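Only one structure is covered here, and it is reproduced in the block below.
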Amino acid sequence: MRSETIPKISKELCNRMLSDLENARRPILEAVKCSLDNSNYSPKVGYLTPGDKKVRTELNVSSVQKMSRAIFLLEVLLRNIDTGAVNTKRELYYIAKGEVKHDPHLKPLDFQDQSESDAVIDFICEMLECYREDLNCYANDRGGQTYSNQLVVTETLPDGTKAVVDLSSLGTSPFQPKNRPQSLQLKAKKKIDFCLVVESEGTANTFVANGFCKRNNSILIGAQGVPSNAVRGWAKLIQDQLRVPIYFFGDLDAYTIQNIYRTLKAGSAASLIRNSDFSAPDVHFLGVLPEDIKKYDLSDYPVKETDQSEARALKKAADALKNDPFFQDKRNKNLAKMLEWLLKNKRRCEQQAFFMVDPRDPTMPEKIIVEKIKKGNFI
Amino acid sequence: MAKDKITSSSTAEYFSKNLQQVGFSSPTKAVLTTLKEAVDNSLDACEEQGILPEISVVIEKKGTGTLKNTDLIHIRVEDNGPGLSLDDVPKVFGEYLASSKFGRGRCSRGQQGIGISAATTWAQLTSAKGVTVTTKTKTMRQAVQVQVAVDIKHNKGVLKEKKEGKLKNPHGLSVEFLIDGRIQLQGEGGLITYLTGTALVNPHLTLHYTLPDQKPVTISRVSNDCPEVPSATEPHPHTMKLGEFIAHSHLFGRITLKAWLKKGFSRISDNSLAEFVKNGLNKKMLDMSVDKINEAQFKDIFSVIHKTELMSPSTKSVMTIGEESFSKSVRRLGEVDFFSVVTRKPTICDYKPVAVEVAVARLKGVTKGEGTEDGPVQVLRFANRVPLQFDKSACAMVKAIESVNWRAYGLQQPKDSLPSGPYVVAVSLVSPFIKFKNASKETIDASDELVEELRRTLIQAGQRLSRHIKKEHREQDLENKLRYIEQFCPILVDCLCRITKAPEKRKKKATEGLEKILGRDLTAAKKEFKEADLAAKEAAAKGKIQIITDDAVEAPELEEKPSKGKKREVKSQQPEAKPTKTTAKASVKRAASKEKSAT
Ligand SMILES: Nc1ncnc2c1ncn2[C@@H]1O[C@H](COP(=O)(O)OP(=O)(O)OP(=O)(O)O)[C@@H](O)[C@H]1O
Ligand SMILES: [Mg+2]
C-alpha cells in the first residue's frame with residue numbers, strides 16, 4: 001500500500017464507522033493478529049506470513065477512549081500526508097499534546113506519555129493494514145551502514161528529483177539506507193560477488209578500514225544488532241535488484257540466531273503484514289558455526305544462566321524450537337539443530353573470536369570469511 | 001538445698017548478663033518490653049480472677065539517660081486486678097522463674113516468670129533504682145507502696161522504703177519503672193502499635209494511655225465478657241524432644257514411670273501403656289521410679305512412645321476471641337472502611353491444640369508508613385493475645401499471608417510478597433504450646449501444618465472481603481464508563497465527521513446512535529454493579545463482612561430508565577454518588593466539563 005491510497009481508505013473507514021453509528025450499530029475494526037500463533041512459514045515464500053486470525057475491536061464503553069484517540073491521531077496523520085510533512089513518533093506525541101492544549105474539549109484524549117501515543121499509532125497501522133512509513137511517520141532507523149566500491153544508489157526524492165550516490169566516492173564513510181526502500185534504485189558498476197551483513201557495526205568498520213572492500217567485489221553492511229526496518233528493507237532490495245548472494249556473520253548464540261538472523265531472513269511475528277518487503281529470505285548464515293570453534297580453535301565461554309537477559313534468550317530459543325514455524329520447517333533443520341546445540345551445551349562464541357586465530361594478522365577474519373564462502377562452509 | 005541455691009543465684013546472674021535475649025537489646029526495645037511485661041501481667045491477673053481489666057499507662061521523658069543516646073524514661077502501668085500480697089511482691093519482681101504459670105500448658109500471656117524481673121533488673125542496671133510497686137488486695141485496708149530491687153547474687157527480691165500508697169481502684173497493682181531508653185511510637189516496635197494491638201485482641205479491655213507529646217487516649221471496652229482461660233493441659237508426648245522429655249520428668253520427683261506418663265502427659269491411658277509394652281517397652285520399667293531411670297533408658301522409652309499411635313490432644317485448652325467481639329474490637333483500630341473476621345474452630349497442628357483467628361480491615365486516611373495506598377499492608381501478629389513486633393519476615397504468620405493469592409480477592413499483591421494497600425491484616429494464634437523461633441518470642445516457628453491452618457483462615461477472610469471489594473470495583477467501573485461516555489462521544493463523532501466531511505445532520509444522528517450503543521453497555525455495567533452490590537449486602541447481612549456505614553460507603557441507588565435521554569439520566573445519578581473518593585472526583589470533573597461546554 002502506498003501513501004496515496006491511505007486518505008482514501010481512511011475516509012472509507014470513517015464513513016463506515018459513521019454510518020454504523022447512525023444506525024446505532026457497533027462499529028467493528030478488524031486487524032491482523034500479529035503474533036507467533038498466527039504466523040505461517042513456507043520456504044517457497046521465504047518469510048513469515050499472517051494466518052487468518054484477526055483481532056476485533058468493537059466499539060463499546062471500554063474501547064471508546066482508544067477509538068477516539070485513534071481517529072483523533074488519524075486526522076493528524078492525514079493532514080501530514082496531505083501536506084507531505086513527516087514526523088517521528090515522539091514528534092507526533094508532542095503534536096497531539098499541542099492539539100489538546102489548544103482545544104480544551106480534547107482534554108480527555110491527552111496522552112500521559114509517549115508509549116500511549118505510540119500504541120495508538122500502531123493500532124492505526126493495524127486498522128488500515130499499512131506501514132507506519134505510509135503514514136509519513138518515520139523512526140530513527142539505526143544500523144545498516146553500507147560500504148562498497150561497486151554499488152551505485154539512485155534515490156527518488158519526495159519532490160521527484162533524483163540523487164545519485166556512488167558508494168566508492170564516500171571513502172571510509174558508510175552509506176546509510178533510509179527506510180524508504182521503494183524510492184531506491186540499485187546498480188552495480190562492476191560485478192558484485194557477494195554481500196556480507198556483519199552483526200557488529202564496529203567489526204564491519206574494522207573490515208573496511210583493513211581493505212575488505214578493496215580486495216573483494218562486495219557490499220559490506222553493519223547490522224547493529226536486531227536489524228531495524230531500514231536494514232531489513234535494504235537487504236531485501238539488494239537481494240531482489242542485484243541478485244547477489246548474501247551472508248550473515250555474527251555471534252554463535254541463541255539471541256543472534258533466534259532473533260537477529262531470523263528477523264533478517266524471514267521477518268518477525270510482530271511485523272507479519274510487512275515481512276514481504278522487510279526480509280531477505282536468501283541470506284545464509286556464515287558463522288560463527290559450532291564446528292568453527294574446533295576447526296579454528298576459538299575461545300568460547302559458558303552462558304551465564306544467572307544473567308537475566310541471557311536466561312531470557314535461552315528461554316526464547318527453547319520457545320522458538322517449539323512454536324516458531326520458521327525453525328520447525330524442514331528447510332531450516334540445520335538452524336534448529338544449531339539452536340538445540342546451543343541450548344544443550346550452553347556455550348557461546350563471539351564473531352570477534354576470529355581475531356585470535358592469527359593475532360598478528362588483522363586480515364585473518366577476512367581470509368576465513370572468504371574461504372568459508374568459497375568452500376560453501378555456511379548454512 | 002545448697003545445690004538449689006547455686007542454680008537460682010546463677011539464674012539471676014545469667015539473665016542480668018543476657019537481658020538482650022529477653023527483649024532488652026536496644027533502648028527502644030527496652031521501653032517496649034518493660035511496658036509489655038507489665039501490661040501482659042495485668043491482663044493475666046485480671047483474667048485469672050474474672051475481672052474486666054481497666055489499665056492505665058503513662059510514659060514520660062524525665063531527662064537524659066546515662067547510656068549513650070538515651071532518655072530517662074518513666075513508665076507507669078496501673079491495673080484494677082487482684083493486687084499482690086506484700087509477701088509475693090519481692091518474689092514476683094525480684095526473683096527469676098517465680099511464676100505461677102511456669103510451663104503449665106495454659107494459654108496465658110506470661111509463660112516463664114522472667115518478664116517482669118528482667119524489667120526490674122534493667123531499671124536497676126540503668127537508673128540504679130528497681131521498680132516501685134503499689135498494691136492493694138481486697139483484704140488489705142490500705143494500698144502500700146514499696147521499692148523492689150533484685151539481689152542478683154541470690155536471685156531474690158529486696159523490699160525498700162515501704163510506705164502508704166494510692167490507687168485508683170479498690171484493688172489493683174501499679175508498677176513504675178525509671179529506665180534508660182528511647183521512645184518509638186509507631187511502626188514495628190512502636191508503643192502505639194503495641195497498645196492498639198493489645199486492645200484489638202482484648203475486646204474486654206479498657207485502656208487509658210498517655211505518651212510523651214501525645215494527647216491522652218482512652219480505648220473503651222466493647223465486650224463485657226471476661227474471657228475464660230481454659231485450664232491447663234498436659235503436653236502431648238509426641239510434641240517433645242528427648243531433652244524436653246527428660247527435663248519434664250524432673251518436675252515430678254519420685255514417681256513411677258507408669259504414674260508419670262499418665263499424669264504428666266495428655267492422651268496416655270492404660271491402653272496406651274499396654275501398646276507401649278507391645279511395641280517393645282520392658283514391662284518392668286513401668287514400675288520403676290523416674291528418678292532412677294538413666295538417659296539410655298529414657299531414650300528407649302521415648303522412641304517406643306514415638307512409635308506408638310496416640311490420640312490427638314484435646315482442643316479444650318485453647319480459647320478464641322470470637323467473631324462477634326473481634327468484630328467490635330476491629331472498629332477500635334481507627335477509621336475502618338470495612339472488614340471481615342474469621343474465627344476457626346480449634347484444631348490440632350503438630351499434635352498441639354491451636355486456635356486461629358484473622359481480621360482483615362481496610363482503613364481510611366492512612367498516609368504514613370505501612371498500610372498506605374501502595375505500601376505493604378500492616379500485619380499485626382498475636383501469640384496468646386500478645387502482640388509480636390519484631391523479626392516478622394521469618395514468622396509463620398507472614399509466610400501464610402504471603403502464600404495466599406490476594407489478587408483473587410481484589411487486593412494488590414506483588415509476587416510472593418505481602419499484599420499492598422491501606423489494610424490491616426491481624427492474625428491471632430492461641431495455643432498452650434506455641435513454638436517460637438528464638439528466646440525473645442517474636443517469631444512463630446513455621447511448621448507446614450501450622451502455616452496451612454493459618455493460610456486457610458486467611459483465605460476465608462479474603463473471600464469474605466472480596467465481595468465488598470468486587471462491589472467497589474464494579475462501582476468504579478460504572479463510574480469510569482459514565483465518564484467515558486460523556487467525554488469521548490462528542491470527540492469521536494466530531495473527528496469522524498471532519499475526516500468524512502459529513503454534514504451536520506449525520507453528526508446529530510451518529511451522536512444519538514453512539515449514545516444508544518453505549519447506553520446498552522451502561523445498563524449492563526449497572527446490572528453487574530447491582531449484582532455485586534447485592535452479594536456484598538448479603539454477605540454483610542450474614543455478618544461475614546462489615547461495612548462501616550456511618551459516613552456511607554453505600555452505593556448510589558441506580559434505577560433503570562427508558563433508554564432515550566440517556567445523557568441526562570447519567571447526570572441525574574450523580575448527586576447520590578458522592579461518598580467514595582473517586583466518585584466525588586469524577587463528579588467534580590463532570591461539572592467542570594459541563595461548565596466549559598456551556599461557555
Ligand atoms: N499486676 C499483677 N497483678 C497480680 N499478680 C501479678 C501481677 N503481675 C504479676 N503477677 C504475678 O506474678 C507472677 C510472675 O510474673 P512474671 O511476669 O515474672 O511471670 P509470667 O507473667 O508468669 O511469665 P513471663 O515471664 O512469660 O512474663 C505472675 O505469674 C502472676 O501470678
Ligand atoms: Mg509476665
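Quick note: the coordinates plus some simple rules give every number you see, no bench work behind them. These numbers were taken from a predicted model, which means no experiment stands behind them. Please note: Cβ atoms are built from the backbone with ideal geometry, for glycine as well, and neighbour counts cover all protein chains shown.
Pairs from the table (A:66/B:471; A:315/A:344; B:263/B:352) lying more than 20 angstrom apart at Cα are A:66/B:471. Spatially, the range B:265-335 and the range A:10-81 are offset by 71 Å when compared through their Cα centroids. Placing a label point 7 Å from the Cα of residue B:331 along the Cα-to-Cβ direction, the residues of the range B:196-233 with a backbone N closer than 13 Å are B:220-223.
What 222 nm value per residue comes from the helices of the protein assembly as shown, counting each DSSP H run with n ≥ 4 as -39,500 (n - 2.57) and dividing by all residues, nearest 500 deg cm²/dmol?
Details: 28 runs with 391 residues, N = 978.
Roughly -13000 deg cm²/dmol at 222 nm, from the helical runs in the protein assembly as shown.
With a cut-off of at most 12 other beta carbons within 10 Å, and DSSP calling the residue loop, which trypsin sites (Lys or Arg not before Pro) in the range B:280-381 qualify? Please list them.
Details: sites: B:283, B:284, B:292, B:299, B:307, B:316, B:328, B:331, B:332, B:344, B:362, B:364, B:368, B:381; in loops: B:316, B:344, B:364, B:368.
Here the sparse-neighbourhood loop sites are B:316, B:368.
Amide H contacts for residue A:284 (H built 1.01 Å from N in the peptide plane; partners 5 or more residues away or on another chain; cut-off under 5 Å): A:246, A:247, A:248. Partners of residue A:372 within straight-line reach, counting lysines whose Cα lies under 21 Å from its Cα and excluding those fewer than 8 residues away in the same chain: A:191, A:214, A:265, A:294, A:295, A:333, A:337. Within the range A:304-379, the trypsin sites (Lys or Arg not before Pro) that combine a DSSP coil assignment with at most 11 other C-beta atoms in a 10 angstrom radius are A:360.
Bridging of residue A:187 to aspartates and glutamates at a Cα separation below 15 Å is possible for A:155, A:166, A:240, once same-chain residues fewer than 8 apart are set aside.
Only loop residues by DSSP count here, and only those with at most 11 other Cβ atoms within 10 Å; note down the trypsin sites (Lys or Arg not before Pro) in the range A:76-154 that meet that. Each step should come with its number before you reach the end.
Details: sites: A:79, A:89, A:90, A:97, A:101, A:132, A:142; in loops: A:142.
Here no loop site has a sparse enough neighbourhood.
One quarter of the surface of the convex hull around the alpha-carbon atoms of the range B:11-183 equals 9.4 nm², the direction-averaged projected area.
Here residue A:82 and residue B:129 are evaluated by their C-beta separation; at R0 = 60 Å the FRET efficiency comes out at 0.10.
As an exercise, use a Förster radius of 45 Å and the Cβ-Cβ distance of residue A:11 and residue A:323 to find the FRET efficiency, rounded to the nearest 0.05. Show your work: numbers first, answer last.
Values: r = 39 Å, r/R0 = 0.87.
FRET efficiency, residue A:11 to residue A:323: 0.70.
Using a/c under 1.5 as the rounded threshold, could you call the range A:242-379 rounded, prolate or oblate? The axes a ≥ b ≥ c are square roots of the C-alpha gyration tensor eigenvalues, and prolate needs a/b larger than b/c, oblate otherwise. The shape class here is oblate.
Taking N as the number of residues in the protein assembly as shown, what is its alpha-carbon radius of gyration divided by 2.2 N^0.38 Å? All intermediate terms of the calculation are to be shown ahead of the outcome.
Details: Rg = 40.1 Å, N = 978, 2.2 N^0.38 = 30.1 Å.
For the protein assembly as shown, the normalised Cα radius of gyration is 1.33.
Summarising the strand pairing of chain A, around 65 percent of its internal DSSP beta bridges are antiparallel.
What FRET efficiency do you get for residue A:23 and residue A:276 if R0 is 41 Å and r is their Cβ-Cβ distance, rounded to the nearest 0.05? So, using R0 = 41 Å, E works out to roughly 0.65. Of all DSSP-defined beta bridges confined to the range A:132-281, some 60% are antiparallel rather than parallel. For a paramagnetic label modelled on residue B:316 (point 7 Å from Cα along Cα→Cβ), amide N atoms under 18 Å away belong, within the range B:213-240, to B:228-237. Taking square-rooted eigenvalues a ≥ b ≥ c of the alpha carbon gyration tensor, is the range B:237-307 rounded, prolate or oblate, where a/c under 1.5 means rounded and, failing that, a/b exceeding b/c means prolate? Rounded is the answer for the range B:237-307, as its axis ratio a/c remains below 1.5. Per-residue Karplus couplings for the range A:301-315, computed as 6.51 cos²θ - 1.76 cosθ + 1.60 with θ equal to phi - 60°, are listed in order as 8, x, 6, 7, 6, 6, 6, 4, 6, 6, 5, 5, 4, 5, 5 Hz, Gly and Pro entered as x. Under 14 Å Cα to Cα from residue A:8, which aspartates and glutamates show up? Leave out anything in the same chain fewer than 8 places away. Correct list for residue A:8: A:75, A:82, A:129, A:134. Return the distance in nm (one decimal) between the two label points of a simple spin-label model at residue A:189 and residue B:18, each offset 7 Å from Cα along Cα→Cβ. Placing both labels 7 Å along Cα→Cβ, they lie 9.1 nm apart. Relative to its Kirkwood radius, the Cα radius of gyration of chain A gives an Rg/Rh of 1.01.
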